[in-house]
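Participant: Here's a structure for you.
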Amino acid sequence: MPQQNYLDELTPGFTPLLAIKEASRCLLCHDAPCSQACPAQTDPGKFIRSIYFRNFKGAAETIRENNALGAVCARVCPTEKLCQRGCTRSGIDKPIDIARLQRFITD
């Protein structure tokens, strides 16, 4: 087994195709609970919608509007306790992986 570098990501990021696939699971809620639960006011519902429609630049602009540290937040924010907990999709199967989508856009 190759030795892992301490700088390697623990969870691999999304490819564009996987990001679109994950975003397509979103129910596109009006007044999205995930957006209301975000203390950084990043508006996950809006940037996920942009990813779904392949508007990666629009998704990046949405994240940067209220959060200059979007790439950091994508890695350290406890999304499972905040925005992902509010995700309506969790009542069906599992919540949208908001942190990995944000990481994809900000990387």
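Participant: List pairs: first residue in the range 12-39 and among the acidic types (Asp, Glu), second residue assigned to a helix (DSSP H, G or I) anywhere in the structure, Cβ distance under 7 angstrom, at least six positions apart or on different chains.
Facilitator: Cβ pairs passing all conditions: 22/101.
Participant: Out of the range 12-49, which residues are on the phi > 0 side of the Ramachandran plot and buried (at least 17 other Cβ atoms within 10 Å of the Cβ)? Break it down into steps so the answer makes sense when it comes.
Facilitator: Keep residues of the range 12-49 that are on the phi > 0 side of the Ramachandran plot, which gives 28, 31, 41, 43.
Of everything in the range 12-49, just one residue is on the phi > 0 side of the Ramachandran plot and buried (at least 17 other Cβ atoms within 10 Å of the Cβ), namely 43.
Participant: Among the residues of the range 51-68, write down those that are assigned to a loop (DSSP other than H, G, I, E, B) and surrounded by fewer than 14 Cβ atoms within 10 Å (Cβ to Cβ).
Facilitator: First, the residues of the range 51-68 that are assigned to a loop (DSSP other than H, G, I, E, B): 53-55, 67-68.
Passing the criteria: 53, 54, 68.
Participant: What about residue 96, is it in a helix (DSSP H, G or I) and either surrounded by 21 or more Cβ atoms within 10 Å (Cβ to Cβ) or more than 11 Å from the chain's Cα centre (by Cα) (or both)? It would help to see each step written out before you state the result.
Facilitator: Working: in a helix (DSSP H, G or I): no; either surrounded by 21 or more Cβ atoms within 10 Å (Cβ to Cβ) or more than 11 Å from the chain's Cα centre (by Cα) (or both): yes.
So residue 96 fails the test.
Participant: Continuing with the same structure: So residue 75 fits all but one of (1) among the charged types (D, E, K, R); (2) modelled with pLDDT of 95 or more; (3) touching a helix residue (DSSP H, G or I) at 6+ places or on another chain (Cβ under 8 Å); what number is the exception?
Facilitator: (2)
The values are calculated or read from the model by the stated rules, or taken from the named source; none is laboratory data. Here the structure is a predicted model, which means the values were calculated and not measured. Ideal geometry is used to build each Cβ from the backbone, glycine not excepted, and the neighbour counts take in all protein chains shown.
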